[in-house]
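Before any comments, here is the structure.
The values are calculated or read from the model by the stated rules, or taken from the named source; none is laboratory data. If you're wondering where the values come from, they're calculated on a predicted model, not measured in any experiment. Positions of Cβ are generated from backbone atoms using ideal geometry, with glycine treated the same way; all protein chains shown enter the neighbour counts.
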Amino acid sequence: MLTMKPLAAISDHALDELVHELRQPLSNIGLSASYLSLILGENQSRAQQQILQIQEQVERAACILNGASALLSRARTETADCSDSNLAPGTKAAAATPTI
């Protein structure tokens with residue numbers, strides 16, 4: 001039976017892989033849109049509008065991936081910091097306990 005820590009590690013690894021696998025095609029789409037914009041020139045206004053929309057969506061998706069990756073990193077750090085096995089008496093957990 002899997003415990004929560006190995007399950008969380010599998011989940012973290014899966015999320016890392018997902019972010020990595022999405023960034024590659026996203027980069028290719030963005031580069032292709034930039035290249036099309038260069039070769040079309042300004043004469044093809046309708047095509048340029050579509051390319052601009054593609055570029056905006058690529059940037060939006062990249063921001064979402066960067067945000068998700070940052071949240072994942074922060075969650076890992078907080079989980080490591082809050083682990084009872086990592087804390088000695090008088091450290092963060094003990095210091096956070098209010099005195100009455």
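General remarks:
- The one condition in (1) at pLDDT 85 or above; (2) surrounded by 12 or more Cβ atoms within 10 Å (Cβ to Cβ) that ALA68 fails to fulfil: (1)
- Taking every residue in the range 21-50 that is surrounded by fewer than 11 Cβ atoms within 10 Å (Cβ to Cβ) and pairing it with any residue that is in a loop (DSSP other than H, G, I, E, B) and not hydroxyl-bearing (Ser, Thr, Tyr), at least 6 positions away or on another chain, yields no pair with a Cβ-Cβ distance below 9 Å.
- Single residue of the range 1-42 satisfying the filter (more than 18 Å from the chain's Cα centre (by Cα) and at pLDDT below 75) that is farthest from THR79 (Cα to Cα): GLU42
- Just so you know, in the range 26-49 the residues that are assigned to a helix (DSSP H, G or I) and polar (S, T, N, Q) include one that is farthest from ALA62 (Cα to Cα), and it is SER45.
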